[in-house]
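Written below as structure tokens is the structure these notes are about.
The values are calculated or read from the model by the stated rules, or taken from the named source; none is laboratory data. This structure is a prediction, so every number in the text was calculated from the model and none was measured. Note: ideal-geometry Cβ built from the backbone for every residue, glycine included; neighbour counts use all protein chains shown.
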Amino acid sequence: MNAIPSTLQPDTSPKSAKAPTGAELVVSALRDQGVDMVFGYPGGAIMPLYDALPGSGLKHILVRHEQAAAFAADAYARATGKAGVCLATSGPGATNLLTGIANAYMDSVPLIAITGQVGTAVLGTDAFQEIDIFGMAMPVVKHSFLVRCAEDIPKIIAEAFQIATSGRPGPVLIDLPKDVAQTRVEKPNPATIKKTAHRPPDPVDIARAEALLKRAKRPVLYIGGGVVKARAVDALRRFNMLAGIPAVSTLTGLGVLPTDSADFYGMLGMHGAKTANTLVQEADLLLVCGARFDDRATGKLDTFAPNARVIHLDCDPAEIGKLRDADAGVPGDLKAALESLAVGILDISPWRARAQDSRTRHKFNYNAPGAGIFAPAFLEELSRKAGDRFVATCDVGQHQMWVAQHCHFSRPDAHLTSGGLGAMGYGIPAGIGAKLAHPENCVVTITGDGSIMMNIQELATIRRYGVALKIVLFDNSTLGLVRQWQELFYEENFSEVDLYDNPDFADVARSFGVEAFTVSRREQTSAAIERLLKTRGPVLAHVRIDPRENVWPLVPPGKSNAEMMERKS
Amino acid sequence: MNTQTLHIEFEPAEGAVLRLIGLVERRGYDVCSIHLPPSSDGSMSLDLGVMARDVGRDIGVLRRQIHRLVGVRRVLGGMDNKDKRAGGQNGEA
């Protein structure tokens, strides 16, 4: 049968004085959820939704690749605390979103991904641009909907936002067949959503945790990104202002305690601070808040914090005991748990003194040999001079670790990074999302010459919307972190990491209409930072660095955090 | 490693069964048997025989991972590693 089903024929009658279409219901439901900005890319199956956008009050940001739409919406969500929204068409549009959806899943970011789909009559027939995105996305979404009935759209959108933002946040996919989007709806089903209350912590669990804390002589506060998602940052800061426990953080927990706090000792794990890893290994108690014992944080798990008892606070009960048994598991509302913990001032002066002494002894040395630009020193100076409005959005690689190690963060939303997924290409779209969310912030994308090429087309988006994003591109003409591992663990067998034939990135940026300049000598560092910070519009600093520079310290793969390397042996 | 049986009660929805079985397999368990009894009251239940692919997997964690899926009402069965050590009863999430 070749005839197009009548439900797929476009409705060409005037829009006014008619019941809304499914697509119009989507738009109004998004507005009802407080959405003001969406990121996307149009195509065949999602055309009804794009037809409903003009005049809707929703600001649409047209990216140049769907993956960037998902990354930008992810960063918008991290920056605002609201759900981010991205749109794509069926088939390749939808599959291009997947990496961004997975990124949001791994880092528990509230994201609503709306995909067009072929009409219901041809679903399952291998129709043009038909892909089972509902099935493909299942492992990387908190939940998903395939909309079969246009009347359900307001209810589904409201549910999707509720699911994405409640408990442990995450992405929700809404797959919208074209005919459903075109159907006129006389009587939509109302959006009645049950508000899910945060599960309060059990007083018995709290009492057990308090008893352990009061007995501890060498406690460490282990902070994860879950503290941010649970909106428990202030509660944690208040708790530790009293308790004074030496604190370390995962990559996504950076900024929960300001970098310069007296009790903060840096990131733990593979590229963590020497003192942070040492404290954890020597601890007799870990107070774990919103962290999941990720392998990049723990190193070899059965050697991690071998003498420590564990108190684990997390809003997701499934995380407690997943990788490390808890002596006191406290599932439920993390903020309430922290507010309930009454331990007062702990008598741990010798332990604190030891921690402070270790920090002094292991202070990072920014006086690297040579005349080239030293990326850690560049980043430390940049974040210090940018001040409290500084926001870093990172790509993935050596530069990402240098940012985590050397930038100063006064709040967690100052550091947006692809933590769990480690997705190269996140940096620039995330910078767009973060800057559009808070134009008053000094948003800087830190990228590398490998990562930038994953989404370099988004320079066009920056230009189109005049997004005043600052980009620092560390260019060592190699895939630096892979090269480092090949040097250290693969007997210097440098395989497919040489990017000698990179384009001139400053020329590329200028061809997109973005101001750019190149620096390579150390004495240019301060002037380059000044120029970056003073430029009003978008600007790219192309910073050439030595390809032999490695990220230190480093815990070798499969080793204990106690076996950190501080230089090549 | 022994087969354990999980009894899962959930709300019927498109993809719900696929979502449940997919999660179990992704989290390191083989699905050995499936029984989906007919439903009369609008709810659904699924009995899954599962076996861990390696030692150290705690079925209590799997039960909680299933329970956090949207639409899952109750998960019964399987003995946690901790309960096994203590000679305890089957768990619930």
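Would a scan of segment A:353-361 turn up a residue that is surrounded by fewer than 22 Cβ atoms within 10 Å (Cβ to Cβ), among the hydrophobic types (A, V, I, L, M, F, W, C) and at negative phi? Steps first, please.
Residues of segment A:353-361 surrounded by fewer than 22 Cβ atoms within 10 Å (Cβ to Cβ): A:353-354, A:356-361.
Adding the requirement that they be among the hydrophobic types (A, V, I, L, M, F, W, C) leaves A:353.
Those left that are additionally at negative phi: A:353.
Yes, some residue in segment A:353-361 is surrounded by fewer than 22 Cβ atoms within 10 Å (Cβ to Cβ), among the hydrophobic types (A, V, I, L, M, F, W, C) and at negative phi.
Return a yes/no flag: does segment A:159-166 have any residue that is within 14 Å of chain B (Cβ to nearest Cβ) and over 20 Å from A:T196 (Cα atoms).
First, pick out the residues of segment A:159-166 that are within 14 Å of chain B (Cβ to nearest Cβ): A:159-166.
Applying the additional criterion that residues be over 20 Å from A:T196 (Cα atoms) yields none.
No, there is no match, as no residue in segment A:159-166 is within 14 Å of chain B (Cβ to nearest Cβ) and over 20 Å from A:T196 (Cα atoms).
Among the residues of segment A:344-363, which ones are free of Cβ contacts under 8 Å to residues at least 60 places away in the same chain and in a loop (DSSP other than H, G, I, E, B)?
The answer is A:D347, A:K363.
Out of everything in segment B:1-13 that is within 13 Å of chain A (Cβ to nearest Cβ) and surrounded by 14 or more Cβ atoms within 10 Å (Cβ to Cβ), what residue ends up being nearest to A:S144 (Cα to Cα)? Break it down into steps so the answer makes sense when it comes.
Step one: list which residues in segment B:1-13 are within 13 Å of chain A (Cβ to nearest Cβ), which gives B:10-11, B:13.
When the remaining residues are screened for being surrounded by 14 or more Cβ atoms within 10 Å (Cβ to Cβ), the result is B:10, B:13.
Working: B:F10: 15, B:A13: 10 Å.
Among residues in segment B:1-13 that are within 13 Å of chain A (Cβ to nearest Cβ) and surrounded by 14 or more Cβ atoms within 10 Å (Cβ to Cβ), the one nearest to A:S144 (Cα to Cα) is B:A13.
Tally the residues that are more than 10 Å from chain A (Cβ to nearest Cβ), assigned to a loop (DSSP other than H, G, I, E, B) and over 12 Å from B:R27 (Cβ atoms), restricting the search to segment B:45-68.
Summing the residues that are more than 10 Å from chain A (Cβ to nearest Cβ), assigned to a loop (DSSP other than H, G, I, E, B) and over 12 Å from B:R27 (Cβ atoms) in segment B:45-68 gives 1.
Please specify each residue of segment A:320-340 satisfying the condition of being in a loop (DSSP other than H, G, I, E, B) and within 14 Å of chain B (Cβ to nearest Cβ).
Start the filter on segment A:320-340 by keeping residues that are in a loop (DSSP other than H, G, I, E, B), which leaves A:320-327, A:332-333.
Those that are in a loop (DSSP other than H, G, I, E, B) and within 14 Å of chain B (Cβ to nearest Cβ): A:I320, A:G321, A:K322, A:L323, A:R324, A:D325, A:A326, A:D327, A:G332.
Those residues that are of a type outside the set (A, V, I, L, M) and in contact with a helix residue (DSSP H, G or I) (Cβ under 8 Å, 6 or more places away or on another chain), I need them from segment A:423-438; list them, please.
Across segment A:423-438, the qualifying residues are A:G425, A:Y426, A:G427, A:P429, A:G431, A:G433, A:H438.
The rows are residues; the columns are (1) surrounded by fewer than 24 Cβ atoms within 10 Å (Cβ to Cβ); (2) modelled with pLDDT of 95 or more; (3) of a type in the set (A, V, I, L, M, F, W, C).
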{"position": "A:G431", "(1), (2), (3)": "no, yes, no"}
{"position": "A:E440", "(1), (2), (3)": "yes, yes, no"}
{"position": "A:L459", "(1), (2), (3)": "no, yes, yes"}
{"position": "A:R464", "(1), (2), (3)": "yes, yes, no"}
{"position": "A:L473", "(1), (2), (3)": "no, yes, yes"}
{"position": "A:L481", "(1), (2), (3)": "yes, yes, yes"}
{"position": "A:E491", "(1), (2), (3)": "yes, yes, no"}
{"position": "A:S495", "(1), (2), (3)": "yes, yes, no"}
{"position": "A:D501", "(1), (2), (3)": "yes, yes, no"}
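When segment A:128-155 is examined, which residues are found to be among the hydrophobic types (A, V, I, L, M, F, W, C), surrounded by fewer than 16 Cβ atoms within 10 Å (Cβ to Cβ) and either touching a Lys or Arg at 6+ places or on another chain (Cβ under 8 Å) or more than 13 Å from every other protein chain (Cβ to nearest Cβ) (or both)?
A:F128
Got a sec? Which of A:G255, A:G266 is at positive phi, modelled with pLDDT of 95 or more, part of a loop (DSSP other than H, G, I, E, B) and more than 14 Å from chain B (Cβ to nearest Cβ)?
From the options A:G255, A:G266, the qualifying one is A:G255.
Condition first: among the aliphatic types (A, V, I, L, M) and within 14 Å of another protein chain (Cβ to nearest Cβ). Can you find one or more residues in segment B:31-40 that meet it? Full working, then the answer.
The initial filter retains those residues of segment B:31-40 that are among the aliphatic types (A, V, I, L, M), namely B:31, B:34, B:36.
From the residues that got through so far, the ones that are within 14 Å of another protein chain (Cβ to nearest Cβ) too are none.
No, every residue in segment B:31-40 fails to be among the aliphatic types (A, V, I, L, M) and within 14 Å of another protein chain (Cβ to nearest Cβ).
For segment A:486-510, give me the residue count where each residue is touching a residue at least 60 places away in the same chain (Cβ under 8 Å) and among the aromatic types (F, W, Y).
Let us first name the residues in segment A:486-510 that are touching a residue at least 60 places away in the same chain (Cβ under 8 Å), namely A:487-489.
Next, from what is left, pick out any that are among the aromatic types (F, W, Y): A:489.
Here the count works out to 1.
For segment A:135-246, list the strands (runs of 3 or more DSSP E) that sit wholly inside it and hold at least 1 residues that are more than 26 Å from A:V85 (Cβ to Cβ) and hydrophobic (A, V, I, L, M, F, W, C); which are they?
Working: elements: A:143-146, A:171-177, A:219-223.
In segment A:135-246, the matching strands (runs of 3 or more DSSP E) lie at A:219-223.
Pairs under 7 Å by beta carbon, first residue free of Cβ contacts under 8 Å to residues at least 60 places away in the same chain in segment A:42-53, partner aromatic (F, W, Y) and crowded, with 23+ Cβ neighbours inside 10 Å, six or more apart or different chains?
If the second residue must be aromatic (F, W, Y) and crowded, with 23+ Cβ neighbours inside 10 Å, no pairs are left.
Do you know which residues across segment A:529-554 are closer than 16 Å to A:W402 by Cβ and hydrophobic (A, V, I, L, M, F, W, C)? So that I can check it myself, show each step before the final result.
The initial filter retains those residues of segment A:529-554 that are closer than 16 Å to A:W402 by Cβ, namely A:529, A:541, A:543-554.
Scanning segment A:529-554 gives A:I529, A:A541, A:V543, A:I545, A:V551, A:W552, A:L554.
Determine whether segment B:73-85 contains at least one residue that is over 16 Å from B:T5 (Cα atoms), modelled with pLDDT under 95 and in a helix (DSSP H, G or I).
Looking through segment B:73-85, at least one residue is over 16 Å from B:T5 (Cα atoms), modelled with pLDDT under 95 and in a helix (DSSP H, G or I).
Would you mind stating whether A:G372 is at pLDDT below 95 and over 24 Å from the mean Cα position of the chain (by Cα)? Break it down stepwise before answering.
On the way: at pLDDT below 95: no; over 24 Å from the mean Cα position of the chain (by Cα): yes.
Answer is no for this residue.
Inspect segment A:303-319 for any residue being under 17 Å from A:V248 (Cβ atoms), assigned by TED's automatic domain parsing to the domain that holds A:N277 and either among the aromatic types (F, W, Y) or in a helix (DSSP H, G or I) (or both) and give the result as yes or no.
yes
Is at least one residue of segment A:524-532 more than 18 Å from A:I456 (Cα to Cα), basic (K, R) and buried (at least 16 other Cβ atoms within 10 Å of the Cβ)? First the steps, then the outcome.
Going through segment A:524-532, the residues more than 18 Å from A:I456 (Cα to Cα) turn out to be A:524-532.
If we keep only those that are basic (K, R) as well, we get A:531.
After this cut, where a residue has to be buried (at least 16 other Cβ atoms within 10 Å of the Cβ) as well, the list is A:531.
Yes.
So, in segment A:388-406, exactly how many residues are among the charged types (D, E, K, R) and in contact with a Cys (Cβ under 7 Å, 6 or more places away or on another chain)?
Qualifying residue count for the region: 1.
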